[in-house]
Each structure stands twice: as structure tokens, then as C-alpha cells.
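Just below is one structure, and these are the notes that go with it.
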Amino acid sequence: MYVNRINEGVVRVGVNFKTDSLKEKIKILVMSDQHFDSKQCDRKMLKSHFDQAKELNSPVLMLGDWFDAMQTRNDKRSMKSSLKAAYLNAYLDDLVDETVEFLEPYSKNIAVWAWGNHESAILRNNETRLITRAIEILRLKTKSNIMEMPYRGWIFLEAKDPRNKIRSKAVKIAYTHGDGGSAPVTRGAIKSARRAVMWPDADLFLSGHIHAQLTMPIPRYRITERGYEYEDEQIHAQLPTYKTKSKHDGWEVEKGFGPPNMGGLWIELMTERNGDHMMDITEKIIQLRREGKTGTEIFRLTNVSYYHQSKIYRDENVPTPSRYGQTRQTILAMLAEGKLNQNQIAKKLGVSRQFVSQAKLSELAKKELAAIGWLFSDGLC
């Protein structure tokens with residue numbers, strides 16, 4: 001795993017596939033609203049999820065409110081009964097120390113650690129940055145590369161094969177810790193619809209804060225710069241929490257909150273992405289091949305390189321299509337028609353000017369060879 005900051009609010013997280021297999025998957029753990037220092041944090045569940053991430057060597061994205069931190073003297077939500085005995089001496093220092101002790105075995109799995117409203121409230125009222133302090137200590141103790149991120153930002157998720165080559169376009173994840181009330185009826189659906197308008201470039205949008213779980217795909221009509229139409233989905237995921245609710249008394253009971261959804265979210269990253277999201281990439285490519293699509297057309301529809309297409313055809317015993325056969329024939333027909341020059345043809349078909357010129361020269365060479373009696377078939381004479 002590697003983590004690089006692009007700018008203040010954008011980070012690139014990369015994962016490495018162990019093999020060159022087209023069907024390999026990598027899991028990423030996303031979590032929010034752990035409220036680690038609360039008596040109501042389900043630490044057993046939290047530890048089990050971190051243990052799974054460590055065993056799978058999975059990156060972990062933490063999107064705010066790791067700290068509960070509601071027991072400072074000026075916090076209106078504080079209750080003596082909610083204060084753990086371990087925090088009686090130096091409350092905020094003790095929160096950081098216990099966090100570091102808990103996260104130390106998992107620090108090299110944590111890629112991103114973003115702020116939430118509980119951390120920003122502590123900065124505002126007590127002038128200390130709990131997440132910054134915890135990350136600094138973890139870096140010193142474990143040499144980890146945890147990237148501290150703001151309340152709202154972007155994560156570019158990409159994968160490399162064993163040859164250190166990028167397998168696919170980065171998955172663009174927009175996130176926010178969250179805002180507003182608990183949304184007990186819609187569970188974040190209305191906010192997701194608004195975010196789809198404001199963050200049109202995101203493939204996936206993640207948010208927390210309201211302790212509710214919702215996964216909502218929003219289908220979209222898209223078009224490339226070259227004029228190819230396709231459909232995809234922008235996925236919105238509302239993240240649950242690791243904090244249970246009090247059943248009988250306390251601030252949450254007085255506010256009328258119900259039981260929360262508990263846990264985190266696993267994201268599976270595959271070797272290749274495609275517009276369908278629901279269909280296995282191998283089956284999609286074989287289907288397109290049987291429909292008579294060329295290698296170039298399949299690449300435009302699936303983003304799978306011709307090299308990886310060839311591997312699929314060999315593994316599945318499917319005839320390999322021509323890479324540019326149909327395109328070459330189209331170019332020759334347009335040149336014969338005489339309405340467009342070579343530059344205009346290249347722009348219209350989305351190919352290079354050099355490719356158009358090569359197609360023309362190749363056809364001229366065939367005619368010259370035929371004229372002097374040479375046999376010419378499939379590029380061999």
C-alpha cells in the first residue's frame with residue numbers, strides 16, 4: 001500500500017495485486033463514528049474488523065469521530081456516569097494515549113484518518129488536535145504513513161499489478177464526515193441525491209455522522225469526449241457506527257434517537273473496472289467479442305487493454321478479434337469518398353493522424369504489389 005497527498009483535500013491511495021490474475025480482488029475497510037473512548041463503543045466488534053483488515057493486508061479509511069470526547073467540563077452533553085475511570089487524571093491526554101495503544105498493531109493498514117465533528121469541537125473549545133497528536137505518535141512508534149485528512153475531501157483509489165503498472169483508472173471517492181440531523185426516516189437518501197449533483201465526478205460518495213446505514217446507487221447517462229455514450233452508477237454509502245445507544249437515559253434518549261446500525265463497510269476493488277459494475281469483466285468481454293466487436297471497440301466500452309483482452313481469449317478459448325480491422329476499413333471508405341481529409345477523419349473516429357496515414361499507405365502498397373503480380377494475403381507476401 002502507498003499513500004500520497006495530491007493537495008490539502010485530495011489523497012491517492014494505492015494497493016498492489018499479488019498476481020497478474022484478471023479476477024483478483026482487494027478489500028478496503030471503511031469506517032466512521034467509532035467513538036472509541038465512549039463506554040458504549042463496541043470495541044470487540046471494532047477490534048475484530050481491524051484484525052480482519054490486518055490479516056487481509058487491507059487499507060483502512062477512517063472518516064471521522066474516532067473520538068467521542070464529550071466529557072470535558074464545558075461540554076453540555078457530558079455526564080459523570082459516562083466518564084470511564086481510566087480518564088480521570090488528564091482526560092484528553094488519556095484519550096490520545098489509549099488510542100495509540102489500541103491502533104499501534106494496525107497503524108500500517110490505516111491509509112486515511114479524517115476529522116469529524118467531535119474532533120473539531122475539541123479543537124474549537126479546548127484548542128488541541130486529537131487526531132494530529134495520535135498520528136504523530138503512531139508515526140514515531142511504527143514508521144506508518146497515515147494521512148491526516150480534513151472533514152471533507154477526495155480519495156483516489158488505484159491498483160497496480162506485480163509489474164508496478166496501473167491496472168485501471170483510479171476510483172474517485174468523495175467523502176464527508178456528514179452534516180445535519182439524524183435523518184431517522186430517509187437515512188441520508190435526500191442528502192445523497194443532493195450530493196450527486198454537487199459531486200458529479202465521484203464514482204463513490206461516503207459519509208458518516210448520522211449512525212445509519214444506506215447504500216444507494218444513482219444511475220447516470222454519460223458521454224465521453226469522443227462522443228461514446230454509456231451508462232454507469234454513482235454509489236452513495238452512508239456509514240454505520242461502532243457506538244451503541246443508551247436505552248433508558250442520557251442525551252441521546254432525550255433527543256429521541258433510536259438504535260443505530262453497527263459496523264463498517266468493505267469495498268472490493270477488482271483488477272478492471274467497467275460500466276456495468278454488476279457483470280463480471282470476463283463475461284462482458286466475451287459477450288462483446290461474440291457480438292463482433294473489435295479489440296478497439298471493446299477497449300472503449302470496458303477500459304480493458306488489448307493485452308488483457310488477449311489473455312481472456314486464450315484462457316476461454318475464444319477467437320481473438322482484429323484490433324483495428326473495422327476501423328481501418330472505415331478509414332479507407334472515408335478516404336475513397338473524398339469528403340474529409342486525413343485530419344478530419346482522425347478526429348471523427350478518435351484515432352491518431354498517423355494511424356489514418358498508415359492505413360492509406362498500407363492500401364497503396366497492396367495495390368502496387370497486386371499490380372506487379374505478387375500474392376498478398378493478411379500482411380504476408
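The values are calculated or read from the model by the stated rules, or taken from the named source; none is laboratory data. Worth saying up front: this structure is predicted, and the values here are computed from it rather than measured. Virtual Cβ from ideal backbone geometry, glycine too; neighbours counted across all protein chains shown.
Tabulated results
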{"item": "Region 202-224: number of residues that are of a type in the set (D, E, K, R) and outside any strand (DSSP E or B)", "result": "1"}
{"item": "Qualifying positions in region 164-178 - modelled with pLDDT of 90 or more and either outside the structural domain of L61 (by TED's automatic domain parsing) or of a type outside the set (A, V, I, L, M) (or both)", "result": "K172, Y175, T176, H177, G178"}
{"item": "Given (1) under 23 Å from S58 (Cα atoms); (2) of a type in the set (V, I, T); (3) in contact (Cβ under 8 Å) with a residue 24 or more places away in the chain, index of the condition T132 fails", "result": "(3)"}
{"item": "Qualifying position, being assigned by TED's automatic domain parsing to the domain that holds L239, within 21 Å of T142 (Cβ to Cβ), hydrophobic (A, V, I, L, M, F, W, C) and assigned to a helix (DSSP H, G or I), among F67, F102", "result": "F102"}
{"item": "Residue match in region 90-98 (condition: part of a loop (DSSP other than H, G, I, E, B), at pLDDT below 95 and among the charged types (D, E, K, R))", "result": "no"}
